[in-house]
Structure formats: structure tokens, C-alpha cells
């Protein structure tokens, strides 16, 4: 049987689902996508699908942490600028080039930062705490001297890093479910990983309908408007870890819309054509050729939102009004894409709790997505609330959700503000 709201053109919705009912249907449709192996160079922002365990110690050797001399700390006892203690310099160690011998009492090896610690040495004396000059002849400096004078004491274990002090072999360095940050890529490279198993990105197609629309980069003219929803949705999809397969503008013709919505993908976002106008064909097409599970939701804006499936794709029908489109994405599409991609399904926004500087009104039984500004630590509702005024979201600092059971949130009530930044 077709959905009762499949054809609402010029007659309105028979009934509306609650936001909770729509979310329950949506959540039952989505699960984390399977894994794929990703080159490390392309893995930033991807989600790990398994724990990453190190097969090596990092570093794999004891190493000097500064330029100076590797020696036995006991040989520095009593050293001061006026009581200089001489040591024989056996040679040097450089990064990637170890000293082949062993340091004994009375001996030292010149080392550079990152160089392997010579056998026998238990400390590194910084170069500034040594002297190559003969104190009886300050004019003499001996760069290639086979001896060095110690000017200060230091304890054993000072100024060198131990093997495995960063990462110990066998430990989990990054957990499953982590969205990889740039520093994570560095850690993975340090343990020798060339590829990592990540959750496959949800493949998303965006279809924007409307004869009045002009493509991205076109100056609006006459009675036509430049498409805002397509570029906005593409940016939102990428933010939430999805891969945009295509971003298509389609005329209000049933054949053109049907061809566009039948292209394979994981998630299909259709903006426009979901409401009660004569040319709102998308719900009927989805009901005829797939499944229209939800159409019409008790919320503002975005009440004409629809959810369903066509082929293997999850379909989200979103209103053409830009704020309604953004709201529908925030409530439903983003949640689905994040879940498929292995991310947390909840809002991706930072939130704060602040008091209202003015009341927020709603209608009982309807959820409201209210744009607000934060001024002097208080929440001020945006005066313009029209669903077509997209610039209101750029003036807003975020939004407040008014629950369905509330008709008004009064002045002074503490509310949770979801911040766009």
C-alpha cells in the first residue's frame, strides 16, 4: 500500500510522524559500513574499524635527547667550572650512525640529538656544560680534541630517551572507532604502517529539484535563484565523513527525477519537491518505485521531510527551503551518514547551557529548531524565522531545540545551545 502522504499535492498531509518515530525508523535502517584498507597518506579523517597494535618499540633504541657527550654519570661527580674534570673522547655517534665501541670510566663519546646511545654510557652531558679549551690558555680551542672537560655534575639517566618510551611493542596505539587526526597519522607512520583498515565512506548522491534554480557560481537573475542547497549539502556530507558521488540539479519532470533517484549509492539526498505543490513529484515516485516509510514530520521547519528507500539506497527527502533543508539534514541525514561511516550518530556540534534572554514559542506536539545568537552569555532568538532565510543561520551562533511537549521556553530558562562552530 502506498504511504498515505505519498501524494499530498494541493491537499496537505493526512498525518505527521513524530520526530522520535522518524528517528526510530531511520536508526533501524543504518549500521556501520564494512572495512576497506586505506593508504596511510590518505587516511586522515577516516574512521578506524579495528584496534591498531604496534609490532615495534618506538624508539627502537636508547637515544640522545640533546647535543653533547655520552658518558658515565659517576665521572661528573664534583665537576664545576673551576674544577674541570677531563674525559677522553673516543669518537662520535650521529643520528642513524651508532658508535661501535663501549664507553668506560674516564671516557666519552660526542653525540648529536637523536643519535643512538653508545654502549656503557648512562647519561648525556649537554655541550654547553663542557669545554674544549685549555683553562691555562683561554685562547686555545681544540675542535678536534680527543678530550673534553666536564663543567657540571649530572645524574645517571639524564638527557637520553629509553627504547620504547614512546610506544611499547604489543600495545594498542589507536582504538577502533577513532576518526584519525593528523597526529594519529604520524604515530601510525612511526610504527611502520603503510595502510590501515578503515570504515568505508558512505557514498552519497545529492539531487536538487526545481525549474527556478541556477547552478553554483551563477548570479541570480530575473525570477530564478542560485542553488544554495546543493553546495551546502555537499559540504555537510563531507564534514560528516561521506563521499559525494554526484551533485545534480534536476528539472521538475517526473522522468528526469526518476532517472536521478535510481542511480546507485548508499544515501540519496533529495532537496525540493517533497511538499504539497503541484510539481512536488518526489514522494509519489519514491512510493511507486521504492519505499516511502515516513512523510511529514511534526517539526518546524522541515515538516515535509520524508524517509524511505529505493533499491539499496537510503533516501531522505528534504524541503527546498534552505533552512528547512539544513534542519532536515541535521536531524536525519547527517545522523545516517555518520552512523554508516562509523562515527557517533549524535549532533556533531559543541553545546553549552545558557539562559534565554527572550522567550521561545512553539506549538504543542511540534519540535522546533530555533536559530539563536549568544550575546553577553545569554541566548537571544533570531527575529527572522522564515525557512527560506538562509542568512539567518550565518547570523546565528547556533540553535536550540524546543521539545514537542513544550509550547514556550520562558525568559531566563537555561537551555542547551548547539553551536554551529
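The values are calculated or read from the model by the stated rules, or taken from the named source; none is laboratory data. On a predicted model such as this, the values are computed, not experimentally measured, just so you know. As a convention, Cβ positions derive from the backbone with ideal geometry for all residues, glycine included, and neighbour counts pool all protein chains shown.
On inspection, residue 206 fails the criterion of being surrounded by 13 or more Cβ atoms within 10 Å (Cβ to Cβ) and either part of a loop (DSSP other than H, G, I, E, B) or not assigned by TED's automatic domain parsing to the domain that holds residue 280 (or both). Scanning region 30-67 for residues that are assigned by TED's automatic domain parsing to the domain that holds residue 123 and either on the phi > 0 side of the Ramachandran plot or free of Cβ contacts under 8 Å to residues at least 40 places away in the same chain (or both) yields nothing. Against the test of being under 30 Å from residue 199 (Cα atoms) and not in a loop (DSSP other than H, G, I, E, B), the options 70, 93, 74, 41 yield a single qualifying residue, 41.
Answer yes if at least one residue in region 341-353 is crowded, with 24+ Cβ neighbours inside 10 Å and out of contact with any strand residue (DSSP E or B) (no Cβ under 6 Å at 6 or more places or on another chain), and no otherwise. No, the conditions are met nowhere in region 341-353. Checking each residue in region 109-131 for being assigned to a loop (DSSP other than H, G, I, E, B) and surrounded by fewer than 24 Cβ atoms within 10 Å (Cβ to Cβ) picks out 112, 113, 114, 120, 122.
Taken over region 273-285, the criterion of being assigned to a helix (DSSP H, G or I) and free of Cβ contacts under 8 Å to residues at least 60 places away in the same chain is satisfied by 285 alone.
Those residues that are surrounded by 13 or more Cβ atoms within 10 Å (Cβ to Cβ) and under 46 Å from the mean Cα position of the chain (by Cα), I need them from region 96-108; list them, please. Selection gives 98, 99.
Residues are listed down the side, and each one gets a yes or a no for (1) part of a strand (DSSP E or B); (2) at pLDDT 95 or above:
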position	(1), (2)
328	no, yes
336	no, yes
339	no, yes
342	no, yes
346	no, no
364	no, no
369	yes, no
388	no, no
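Please indicate, with yes or no, whether at least one residue in region 235-247 is more than 32 Å from the chain's Cα centre (by Cα) and either more than 20 Å from residue 26 (Cα to Cα) or touching a residue at least 12 places away in the same chain (Cβ under 8 Å) (or both). No, because not a single residue in region 235-247 is more than 32 Å from the chain's Cα centre (by Cα) and either more than 20 Å from residue 26 (Cα to Cα) or touching a residue at least 12 places away in the same chain (Cβ under 8 Å) (or both). Of the set (1) within 25 Å of the chain's Cα centre (by Cα); (2) part of a strand (DSSP E or B), all apply to residue 307 but (1).
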